[in-house]
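Here's the structure, in structure tokens; my notes come after.
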Amino acid sequence: MDSHICSIVPPYLLRGIIESQGAQEEERLCAQNTLDHRTHYTTRRYDRFDLLSQPHSARARAVSSTQAIVPEVLLQHIADSEDVDDETRQCAKRDLEHAQRVTSRYQETLVLVEEATAKPEIAAAKTKAKTQPSARFYRAVYDAKNDPDEEDLPGRVVRVEGQKAGKDETANDAYDNVGRVLDFYLEHFDWKSIDNKNMHVISSVHFGKKYENAFWDPTRLQMVFGDGDKFLYRFASCLDVIGHELTHAITEHTSPLVYQGQPGALNEHISDVFGIMIKQKFENETAEKADWLIGEGCLLPGVKGVALRSMKDPGTAYNDPRFGKDPQPANMSEYTPTTQDNGGVHLYSGIPNRAFYLASVAFGGFSWEKAGQIWWKAMKSGLVPARCTFVQFADVTTDVAEGLYGEEGAKIVRAAWNEVGVTRKH
């Protein structure tokens with residue numbers, strides 16, 4: 001099993017460069033370095049989503065142990081900053097005191113976790129009383145200074161909430177685009193930050209040496225951006241890339257999907273869906289007029305391709321002699337079980353991606369107005385199991401569509417799934 005922490009660049013693209021006879025030795029080495037680094041993190045996303053599908057006690061223990069410290073670091077930087085506006089600084093000081101109180105109760109929280117197994121209703125009441133949502137979320141961007149060691153993250157602070165733009169354009173892009181993603185979720189889905197409780201959001205730019213990728217680190221709970229090199233770059237400036245990666249974090253708080261096989265491909269699909277909607281909103285594009293390309297701004301000039309993925313026409317995003325042709329299939333007739341890429345989580349996400357594209361165009365208008373609402377409510381419905389199949393997800397989205405838009409809405413969604421070969425067996 002090729003377990004995987006999600007990164008925007010699929011592993012099959014990197015392997016294509018490594019194995020290509022048309023790529024130069026330096027290019028192959030760069031791709032190998034990125035792939036090796038990705039392998040270093042491979043178990044994290046699989047383990048994270050697998051854990052989130054477990055009973056409450058194990059799940060709560062993991063969440064409490066990973067979220068306790070980072071917000072204090074972020075808030076301290078904001079509270080101490082001389083060029084942050086007074087209101088933001090005072091809010092940060094207030095929230096820092098709250099975070100410190102939460103941290104001091106860490107051992108007590110672990111006791112509550114154990115109580116949840118025997119008396120879940122009592123533990124839930126105690127926990128609710130002590131973990132109120134923050135009044136606002138804070139962004140912070142750090143410079144990893146090309147250090148490839150995750151243990152050194154987040155790095156040196158560059159910009160925090162309330163500060164004006166600095167000289168580092170990559171840091172500014174990361175800061176602004178994280179804000180746009182979270183504003184989109186709040187405006188259209190009434191969802192506050194990542195966890196719906198205004199969780200603070202940290203990003204690190206300039207990670208690794210010539211690192212051609214970007215990812216959400218599920219254990220450090222932050223975004224990480226490489227600078228790119230021979231083929232790929234500008235990850236922080238690609239709004240759909242940040243939307244994709246932050247959605248992985250949000251999926252943890254809605255319907256966690258095990259990162260393997262079809263549920264893993266659905267996990268990737270959900271991130272592409274929300275990433276593309278955010279991009280289309282920013283560019284004011286209707287479903288019919290949009291290009292439906294994921295990561296189009298990441299390819300360096302000279303690469304024969306238009307993006308990392310096409311949701312409209314999977315398998316057509318690129319065809320470059322140095323790393324091959326986009327291998328994504330667009331229909332279940334081309335689905336073949338594989339052990340690569342966690343069972344093809346990036347490869348087969350193209351099938352549900354096209355279904356969402358078809359549904360969005362059929363509904364008309366903007367993708368987030370109807371199709372997006374259906375997919376969001378499906379993820380919030382509690383009806384999507386951790387090991388959900390494509391057929392199961394098609395059924396849930398069809399049922400949600402009927403509840404929202406009647407029989408006609410259900411027909412549109414079912415027709416989209418049928419078009420990509422995801423059909424009921426009976």
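From Q260, Q328, Q280, which residue is of a type outside the set (A, V, I, L, M, F, W, C) and either modelled with pLDDT under 95 or farther than 22 Å from A214 by Cα (or both)?
Sole residue among the options that is of a type outside the set (A, V, I, L, M, F, W, C) and either modelled with pLDDT under 95 or farther than 22 Å from A214 by Cα (or both): Q260.
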- Message: Go through (1) within 21 Å of the chain's Cα centre (by Cα); (2) buried (at least 17 other Cβ atoms within 10 Å of the Cβ) for D291 and report which single condition fails.
- Response: (2)
- Which condition number does T286 fail, the rest of (1) buried (at least 24 other Cβ atoms within 10 Å of the Cβ); (2) under 30 Å from G409 (Cβ atoms); (3) not aliphatic (A, V, I, L, M) being met? (1)
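What do you reckon, is P301 over 23 Å from E369 (Cα atoms), surrounded by 24 or more Cβ atoms within 10 Å (Cβ to Cβ) and without any contact (Cβ under 8 Å) to a residue 60 or more places away in the chain?
On the way: over 23 Å from E369 (Cα atoms): yes; surrounded by 24 or more Cβ atoms within 10 Å (Cβ to Cβ): no; without any contact (Cβ under 8 Å) to a residue 60 or more places away in the chain: yes.
When the stated conditions are applied, P301 does not pass them.
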- Across (1) without any contact (Cβ under 8 Å) to a residue 40 or more places away in the chain; (2) part of a loop (DSSP other than H, G, I, E, B); (3) within 15 Å of H346 (Cβ to Cβ), G275 clears everything bar (2)
- Task: Scan region 316-333 and give yes if some residue there is in a helix (DSSP H, G or I) and either in contact (Cβ under 8 Å) with a residue 60 or more places away in the chain or surrounded by fewer than 22 Cβ atoms within 10 Å (Cβ to Cβ) (or both), otherwise no.
- Result: yes
- Go through region 163-203 residue by residue and tally those that are acidic (D, E) and crowded, with 24+ Cβ neighbours inside 10 Å. 0
- Conditions (1) within 22 Å of T247 (Cβ to Cβ); (2) in a loop (DSSP other than H, G, I, E, B); number of the one not met by Y357: (2)
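Of all residues in region 360-413 being of a type in the set (V, I, T), out of contact with any Gly (no Cβ under 8 Å at 6 or more places or on another chain) and in a helix (DSSP H, G or I), which is farthest from L186 (Cα to Cα)?
Filtering region 360-413 down to residues of a type in the set (V, I, T) leaves 361, 374, 384, 389, 391, 396-398, 400, 412-413.
If we keep only those that are out of contact with any Gly (no Cβ under 8 Å at 6 or more places or on another chain) as well, we get 361, 384, 389, 391, 396-398, 400, 412-413.
From the residues that got through so far, the ones that are in a helix (DSSP H, G or I) too are 361, 391, 396-398, 400, 412-413.
Working: V361: 24, V391: 30, V396: 24, T397: 22, T398: 25, V400: 21, I412: 27, V413: 25 Å.
Here the answer is V391.
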- Which of the residues spanning region 334-349 are modelled with pLDDT of 90 or more, touching a helix residue (DSSP H, G or I) at 6+ places or on another chain (Cβ under 7 Å) and not in a loop (DSSP other than H, G, I, E, B)? G343, G344
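Considering each of A287, A236, A249 in turn, give the residue that is outside any helix (DSSP H, G or I) and on the phi < 0 side of the Ramachandran plot. Explain how you work it out, then say what you get.
On the way: A236 fails: outside any helix (DSSP H, G or I); A249 fails: outside any helix (DSSP H, G or I).
From the options A287, A236, A249, the qualifying one is A287.
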- Item | Residue list for region 145-162, filter: in contact with an Asp or Glu (Cβ under 6 Å, 6 or more places away or on another chain), farther than 15 Å from D217 by Cα and buried (at least 17 other Cβ atoms within 10 Å of the Cβ) | V158, G162
- Message: Let me confirm something: among E268, E245, which residue is buried (at least 24 other Cβ atoms within 10 Å of the Cβ), among the acidic types (D, E) and touching a Phe, Trp or Tyr at 6+ places or on another chain (Cβ under 7 Å)?
- Response: E245
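This table checks each residue for (1) in a strand (DSSP E or B); (2) on the phi > 0 side of the Ramachandran plot; (3) touching a helix residue (DSSP H, G or I) at 6+ places or on another chain (Cβ under 7 Å).
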| position | (1), (2), (3) |
| --- | --- |
| D147 | no, no, no |
| E151 | no, no, no |
| R159 | yes, no, yes |
| Q163 | no, no, no |
| A174 | no, no, yes |
| V178 | no, no, yes |
- Any chance region 295-314 includes a residue that's more than 27 Å from E26 (Cα to Cα) and touching a Pro at 6+ places or on another chain (Cβ under 8 Å)? yes
- Item | Qualifying residues in region 388-426 (those that are more than 27 Å from the chain's Cα centre (by Cα) and among the charged types (D, E, K, R)) - the one modelled with the lowest pLDDT | K425
- Task: Please find, among F390, F366, F356, the residue that is buried (at least 17 other Cβ atoms within 10 Å of the Cβ), hydrophobic (A, V, I, L, M, F, W, C) and in contact with a Pro (Cβ under 7 Å, 6 or more places away or on another chain).
- Result: F390
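The values are calculated or read from the model by the stated rules, or taken from the named source; none is laboratory data. Being a predicted model, the structure only gives us computed values, none of them experimental. All Cβ positions, even for glycine, are placed from backbone atoms using ideal geometry, and neighbour counts span all protein chains on display.
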